[in-house]
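First the structure, in the form of structure tokens, and then the observations on it.
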Amino acid sequence: MELTQKLNDFAQKYAETLATKDTMQHSTHKEREKIYGDWTGENLYYCWSSESNFPINGAKAVDSWYDEINDYDFKKGKSKNGGVVGHFTQLVWKDSTQLGIGVAKSSKNSIYVVANYHPGGNFNSNEINNVFPASSETYKEPEKKEPESKLPEKKEPETKAAETNQQNNETSKKIMIMVEKK
């Protein structure tokens, strides 16, 4: 997944809007369609502290979205129990290739994190083809080799799901780093 300035700018502007209004609400589909002319996904995160210098750790936002995995049924491609899973599925959506992050703090110490994804996920009931489990059946760790005079070659993932899981881990790291930088 590639971090793009266009999505960063949109996400940052929207995070600032949320902080100004001090309210948690998704941007409209119409607003997000203006970025690329089609569906762009969005995850939001909010936290508050009485401390004015409260730092936001990017892992908190990503973990809150990723924790929805506990309610996700990979075989059916939907929630196991009617719980919210859309933040998780967007976070790991295979066909989303671009990312933008915005972070802003309100005058009342509320912190808002906005992540925008393009193309957006969670549409056309296509979760089965875009959200994969990380399991020993689909992913095998590369063999560890003793380093030679040059770096060892990267071993390719053995399945599409493994490749997607590696990309998802990279995406999560990028989100955490971007949130911490802002």
message: As a test question: what accessible area, to the nearest 10 Å², does VAL84 have when a 1.4 Å probe is rolled over all protein chains in place?
response: 90 Å²
- prompt: Probe 1.4 Å, all protein chains in place: accessible area of TYR66 in Å², nearest 10?
  reply: 80 Å²
statement: Gyration tensor on Cα atoms of segment 36-75, a ≥ b ≥ c root eigenvalues, a/c under 1.5 rounded, else prolate if a/b beats b/c, else oblate, says oblate
- prompt: So which of LYS78/LYS105; LYS6/LYS78; LYS30/LYS78; LYS6/LYS30; LYS6/LYS94 end up more than 22 Å apart by C-alpha?
  reply: LYS78/LYS105; LYS6/LYS78; LYS30/LYS78
message: Could you order the peptides 121-128, 94-101 from most to least packed, using the average number of other C-beta atoms within 10 Å per residue?
response: 94-101, 121-128
task: Leaving ligands, DNA and RNA out of it, work out the accessible area of LEU44 with a 1.4 Å probe and give it in Å² to the nearest 10.
output: 10 Å²
task: Whole number in Å², please: accessible area per residue of segment 1-136, 1.4 Å probe, ligands, DNA and RNA not counted.
output: 51 Å²
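The values are calculated or read from the model by the stated rules, or taken from the named source; none is laboratory data. Computed from a predicted model, the values in this text were never measured in an experiment. Cβ: placed from backbone, ideal geometry, glycine included. Neighbour counts: every protein chain shown. Ligands, DNA and RNA are excluded from the accessible area calculation, which covers all protein heavy atoms including side chains. Shrake-Rupley method; radii C 1.70, N 1.55, O 1.52, S 1.80 Å.
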